[in-house]
Structures are given as structure tokens and as C-alpha cells.
Amino acid sequence: MQKSLSIDPGKCTGCLQCELACSYDNEGVFNPSKSRIKVFNFHDEGRFVPYTCTQCDEAWCMHACPVDAISVDMATGAKIVSDELCVGCKVCTIACPFGTVNYNQSTGKVIKCDLCGGEPECATACPTDAITYIDADWTGLDKMRSWAAKTDAGVQAEA
Amino acid sequence: MAWARQILRVDLSKGECRQEPLNMEWAMKYLGQRGLATKYLVEEIDPKVDPLSPKNKMIMTTGPLTGTCASTAGRYSVVTKGALTGAIACSNSGGFFGNEMKNAGYDMIIFEGKANKPVYLLIENDKAELIDASEFWGKSVWDTEEGIKSKHGDPLIRVASIGVSGEKGVKFACIVNDMHRAAGRSGVGTVMGSKNLKAVAIRGTKGVNVENYSKFMEASNAGKEVLAGNAVTGEGLPAMGTQVLMNVINETGALPTRNHRDIQFEGANNISAEAMAEPRESDGKPNLVTKAACFGCTIACGRISTVDRTHYTVVDRPEYQIASGGLEYEAAWALGAATGVDDLDALTFANFICNEQGFDPISFGATVGAAMDLYEEGHITDKETGGIELKFGNAKALTDLTELTGRGEGFGAEIGLGSKLLCEKYGQPELAMQVKGQEFPAYDSRGIQGMGLTYATSNRGACHLRSYTVASEVLGIPEKTDPLVTDGKAGLVKAFQDATAVYDSAGLCLFTSFAWSLDDVAPQIDAACEGDWSTENLLEVGERVWNLERQFNLAAGFTGKDDNLPKRLLKDAAKAGPAEGLTCGLDKMLPEYYEVRGWTEGGVPSNNTLERLAL
């Protein structure tokens, strides 16, 4: 079963534990500025929204890369950047419609979410289950369940 | 590891910034943040210095855990000689600024001297420069934070700044970061204003490391599990915020009301967490929009609120019809019960203004309460207040004074003196509900006796965050003690004071201590830092820090006589509730406290004590 990251902004408190976990796993240091996942604070609305790569099937970044540095991890479906091949041309950062591939000036390569090889640290670290790693075919299951629970079986009978 | 091992020293008089190594010998004795910065301050300034003179210094400081993934580890403190108190000041703030400072590579920023014109400090890792702040002087915290981000084209900069109140010398001005998190008490923002320093803006990308990663992850994960499973940190605080306390403390009979005339507030429920969750008539939405966490915090006690759009305070002012920092318990108490106002929207608006213009809602609300007492007793009149009818319960008077104090104008400038100077000015010093110049927070020491000793002996003036014996006396943490008796409180207060100094020196939020003991903290510090950080060693650090602060205050001119409470709490018995008929028995607790501290009868640390603590 392939899994996807599923993000529920309604549960996010903006604590950045996901960014801490991501940066440590990838950089060996707690450093939110190098995190592949970012939490956005829409202050005036009182909303926090975590955002990262959704691992498009026909990934713009992968198709745009002129040196084939981005490939598919067959186990997870993640699009992975090879540091050996990446030349830091940044074309992928332009190609990505969502902005989730970014250049890292301290290495001269691009960085993006690689699903940590199938155990995403951000989901493990999230204290409120705003980020979960679930069945890729059923990311809508919880939402469907909550709407289903609100469906009143009696309405039609009474009408 | 854990420490960045580097200080930034900023000479505002000369306009120079330079890096220097952190004194690691001191770090091993004082850990970090509150403890270590106090050591630097004690070594570097004359304790008798005028807090507002250029010879006072101001230190922004992180702890060794700040910036790691330990829960709540994003704190920083501001250590200086307090403008409100003339005592040692250490004000702790959450938000995201502390982490950014650590990521830029600094354990501390030491500000000395005074800039000859308004400036702000901009830091990008190793690059630090003082920049002309004339375009931001006269602006609010909110406009300054937005303005600096926009001027430098970098939305990821974190800013800590003062508002107009801090520029104008309001004695209880704060330093506010991330729009609504504050180093709130003792007038640390007033000191910053006196130095012509408007803001500190930081972008840090270096990262923070720990000594032993696998041990640290094990210890910090265990700590997070304890927090999640605890009734206070896992349920009460996330669900209701600190406001979970409003009805609890009112029922305990310890909610100071109308300048401590009463001990229970009939309007408490209207300004409680329960009221914040209640849908309102105008738009069907509650005051509370969402909960919010500071950096790395797995508790998330922060509240984000809106004022009812039809409320008189915001109906014509769309700029305040936004979601922003909502009421915490202390602010709701000071702006509400202390003034007798039970209008939730008026309080939420007043809280917005406190954040926007950077002043402490506790000292402000309590001082308004004192002014209302002066007014009702006839010591001040409409002539002094500029026509504001300063009666208890008048919401409009409260919100008008909030805006005036934020701008340091009119009678707001007099409120900005704080209750001690205000009441002295009008010949009624006993109406000021304060210790060492700092106003009481939200617990009446007649109904919670241990808090009387806590306030009287707190090194930064009256404060609940130096030994929160409410945890034991009301909530039963770590074990239940009777709030109405004085027996055993001396030892309890000392134990809380010493442990608290450890949390404040580590980079952690004190709220974790509802669930954690130092046995939960020690493994996290020990794994992150070099050196041996057992519970025993940490407790000794806490006691050392407490005594160091005490020595500073004694050298500044305070004596045992200042470990006192206003007559109202010592002579006027509580009129109702469980504590009816009781006064605070400070005289029974204080001598025993000096004894358990190893201090003389006059409250001076004995030579033996100083030697034992290597001071």
C-alpha cells in the first residue's frame, strides 16, 4: 500500500515540531530554516497551515530537471533529489507549481520532501495529528467519515 | 553543543557590535538564560545604577535547550535592572524569537550604553548592524514588526520590539515578539526604550545541535508523553488555556477583586474560558478562534481571539476586527476582576492594545484598579482623570485608559507610573497592591497563603512565576496542601523557587512543570549539554541562581523589610468564600523561610550558604 502525507490545518497549533524533526533528519541539526515542510501562520485569521510536497505522479520538477537528478522512490512514490547529480540550476524550483522544491544556498543543491524513505519524521513529531501518513487512496476517509456522521438518516423517512 | 557558545555585545553609545565567546565556566554553574545572564549582569553593572541610565545593561538570553525539539524549548528572557522595581528583572517570553536568536548563533545579546538616536539591531547570523529607526519611532509593535519585515523584504525575520509606551517611559512596558508574546514584567521594555533601541530583528539559519542525539530524543520524547498524558498540560491548558483557572480560583476564594477589596468576583464567569467558547449573538461565533503554540510547544495554551465586531471598541475600527492574541488568565484577571469590569470584549480589546503598544496587562490592570480605588475614595477626581469616570466596573474607562497608557498620554501617563508611584503621589501608598514596586498577579494571598510568601520574597517583585504554589495549594501538584494554612509553606516556596529557576535557565516553559518534575527535565538537559546535569545538580543551580538574585537586590539597597505585603492583605480579613475571616499570615511564614534558605534573621544569605553554593 502506498501512503501519502495528509495535512489537516484545523488541528495545527503552529508549534513547528514538524520543521524541527524534518531539519534534523535531513541536516543533522535542529534548523527550521532548512525544513522541507513549512508551517504558515495566517495571523489575522488565526489559522496555521503546514505545507509540503504532495509527490505529484507526473512531477513537474522531475520532468524539468535537465540532468535527471530527480527520480521516483519506487517503495514510497516520493520524488527524490540526488545530491550527486543535482547541479543547482533551480529549474525544478521554477517548474513546481506549489513552491515545495527550494534551493539550499549552503550546499548549492535543491531540497524537497522525500517522505524520509517511508517514515516521515514530520508526521511522527506532530503532537496534534495535523500531519499524518496514511493510505494514499483514502486521504479523504476521515473527512468523509465526519460528513457521514452528520448525515441524518431520518430526514427522508420523515419527508 | 546546545549552547551556541557565543555572545553578541552591542555598544549602543558607540554603535558597535562584536562577538565574544560564552564563559563556559559560568555556564557550568548557572546553566543558561535566567541564571547565566544574571551572572553576567551582576558582574557587569553597579547594582545601585539608575535602571534608566545608560550604565544599566539589558541582556536578551536563550537557554541551552532553546531551539531544540524538547517540548516548549523556544524561550528567551530579558535580564536587566527593572524600571518598575529597581530590582533584578528577568522576563521570559515564548513565541519564535528565542529560537531565531539561537539559530543565528547567540546564547546572549548584551546591550550596553544608549544610542544617540533611535536604532534597531538587525542580525543575520554573523552579520549584525545597528540601523536608524527614526521611521519606526512612534509606531506600535505591530507596525514595527510588519515594517521591518517589509523594509528588508524578508517575511521570515523574527522581531522583538517596544511600542510607544516603552518609548514614553511607561514603567511597565514590555518587549513584544511575534505580535503578541511578551517579555512582560518589571518594565524591561522601559529599559529598552531608555536606550533608544526600538527593535531587534533576527534571521538565523545556523541550526542548533545537541551532545547526544539518541539519548536526547529518548528523553525529550518521554517528556512529551508525560505532558500529553497529564490532566493540566494534556487536557486543561490545550482546551481552555490558562483561563481554565478563572472560575477555579474564584471558587477557591482567591480572585482579587476591585483592587483586592474583595476576594471573589461576581462577574468571573463572564470573563472565563467558558465565556470565550460561547457563541455570541452578533455573528454566532465565539471569542476564541483557535489555540496557538509557541515554538516547539506540545501543550498549546495560547489563545487567538476576536472582539465582537459590533462591540463599541471596534465597530468603527476594522483594523481591530482581526484575530490576534486573546486573553490569558492573568490578563483577564487584571483587566477584569481587578477593575471590576466583566465585559469580555472590552477586556479582549484592551489586551490587543497592551500587545500592540507593548505594556504589561497585569501591572496596567492592577494600576487601573488602584486608580479606581483612589477615585472612589475621593483622592483623585475628574480633574486628574481628564473627565474619565474612574469607577469600578466602568468598561469604557478601562478601554479609554488602555489607549491613553499605550500612547503615554493624559491620565494614561500617570497610570504608566505603576500603582506604587501613583498611590504615593496622591498620598495613599497603602492602596498600591504591590511588592518591591511590582503589582500582584491573579491570586489573593488571604485565600492561598503560600502565594503571600511567594510575593513577599520574589526577587523581581510580586509575581506568580517565581514559585507557583497555586499548583500545590489549589491543583494538588505535586501534592495537595491546604491553601488556608501557613504551616509548611516556607519549605514549599523554597522548593518551587529553586526548581523554577532551573526551568527558566534551561530554555523551557514553566508550564511544563505542571506535569514534569526535575527528574523529567534532567535527562533532557544532560543529553543535550556537556557536563553532569543530574536532578541534584540542577536543584543546586536553581538555589544558586536564587541567592545570586537576592544578593543583587541587597546590594541595590533592598532589605528584609522589603519582603512585605500591603496592609490590606495583612490586616483586612477576607469578606467571603473559603478564606472568610482570614488575613495573610506572612509573619508566621517569613522567619521560617529565612531559616530554610540559610539566611540571617534580616534576610541576608549567611556565609555558610554562600560557601555551600560557591557564590
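The values are calculated or read from the model by the stated rules, or taken from the named source; none is laboratory data. None of the values given here were measured: they were computed from a predicted structure. Methodologically, a virtual Cβ is constructed for each residue, glycine included, from the backbone with ideal geometry; neighbour enumeration extends over all protein chains shown. All accessible areas refer to the heavy atoms of the entire protein, side chains included, with ligands and DNA or RNA removed. Shrake-Rupley method; radii C 1.70, N 1.55, O 1.52, S 1.80 Å.
Report yes if A:Asp129 is away from every other protein chain (no Cβ under 14 Å), more than 17 Å from A:Arg36 (Cα to Cα), of a type outside the set (Phe, Trp, Tyr) and in a loop (DSSP other than H, G, I, E, B), otherwise no.
Against the criterion (away from every other protein chain (no Cβ under 14 Å), more than 17 Å from A:Arg36 (Cα to Cα), of a type outside the set (Phe, Trp, Tyr) and in a loop (DSSP other than H, G, I, E, B)), A:Asp129 does not qualify.
Away from chain A (no Cβ under 14 Å) and in a helix (DSSP H, G or I) - does that describe any residue in region B:166-180?
yes
Restrict the check to region B:436-446 and report whether at least one residue is crowded, with 24+ Cβ neighbours inside 10 Å, in a helix (DSSP H, G or I), within 24 Å of the chain's Cα centre (by Cα) and among the hydroxyl-bearing types (Ser, Thr, Tyr).
No; the residues of region B:436-446 include none that is crowded, with 24+ Cβ neighbours inside 10 Å, in a helix (DSSP H, G or I), within 24 Å of the chain's Cα centre (by Cα) and among the hydroxyl-bearing types (Ser, Thr, Tyr).
If B:Val545 passes every condition in (1) part of a helix (DSSP H, G or I); (2) under 21 Å from B:Leu453 (Cβ atoms); (3) open to solvent by 10 Å² or more (accessible area, probe 1.4 Å) but one, which one does it miss?
The failed condition is (3).
Take the residues of region B:163-187 that are among the polar types (S, T, N, Q) and touching a helix residue (DSSP H, G or I) at 6+ places or on another chain (Cβ under 6 Å): which is farthest from B:Val200 (Cα to Cα)?
In the first step, residues of region B:163-187 are kept if they are among the polar types (S, T, N, Q); the result is B:165, B:177, B:186.
Adding the requirement that they be touching a helix residue (DSSP H, G or I) at 6+ places or on another chain (Cβ under 6 Å) leaves B:165, B:177.
Numbers: B:Ser165: 17, B:Asn177: 9 Å.
The extreme case among them is B:Ser165.
Kindly provide the set of residues from region B:182-222 that are buried (at least 24 other Cβ atoms within 10 Å of the Cβ) and without any contact (Cβ under 8 Å) to a residue 40 or more places away in the chain, ordered by number.
Correct list: B:Gly193 only.
Rundown of residues vs (1) assigned by TED's automatic domain parsing to the domain that holds B:Gly507; (2) more than 23 Å from B:Lys57 (Cβ to Cβ); (3) at pLDDT below 95; (4) under 24 Å from the mean Cα position of the chain (by Cα), yes/no style:
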| site | (1), (2), (3), (4) |
| --- | --- |
| B:Leu84 | no, no, no, yes |
| B:Asn125 | no, yes, no, no |
| B:Val159 | no, no, no, yes |
| B:Met179 | no, yes, no, yes |
| B:Gly193 | no, no, no, yes |
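I'd like to know if region A:119-134 contains one or more residues that are in contact with a strand residue (DSSP E or B) (Cβ under 8 Å, 6 or more places away or on another chain), modelled with pLDDT under 95 and either surrounded by 13 or more Cβ atoms within 10 Å (Cβ to Cβ) or not acidic (Asp, Glu) (or both).
No, the conditions are met nowhere in region A:119-134.
Looking at region B:266-286 only, could you name the residues that are assigned to a loop (DSSP other than H, G, I, E, B) and surrounded by fewer than 23 Cβ atoms within 10 Å (Cβ to Cβ)? Give the steps one after another, and end with the answer.
Kept after step one, since they are assigned to a loop (DSSP other than H, G, I, E, B), are these residues of region B:266-286: B:266-267, B:272, B:277-286.
Correct list: B:Glu266, B:Gly267, B:Ala277, B:Glu278, B:Pro279, B:Arg280, B:Glu281, B:Ser282, B:Asp283, B:Gly284, B:Lys285, B:Pro286.
Output the residue which, of all residues in region B:279-303 that are in contact with a strand residue (DSSP E or B) (Cβ under 9 Å, 6 or more places away or on another chain) and more than 7 Å from chain A (Cβ to nearest Cβ), is nearest to B:Val315 (Cα to Cα).
Checking each candidate, the answer is B:Asn287.
Are any residues in region B:64-78 of a type outside the set (Ser, Thr, Tyr) and out of contact with any strand residue (DSSP E or B) (no Cβ under 8 Å at 6 or more places or on another chain), and if so, which ones?
B:Pro64, B:Leu65, B:Ala70, B:Ala73, B:Gly74
Among the residues of region B:58-79, is any open to solvent by 10 Å² or more (accessible area, probe 1.4 Å) and out of contact with any helix residue (DSSP H, G or I) (no Cβ under 8 Å at 6 or more places or on another chain)?
no
Output the strands (runs of 3 or more DSSP E) that fall wholly within region A:11-79 and possess 2 or more residues being under 30 Å from B:Leu288 (Cα atoms) and either open to solvent by 30 Å² or more (accessible area, probe 1.4 Å) or within 7 Å of another protein chain (Cβ to nearest Cβ) (or both), or say none.
A:38-42, A:47-51
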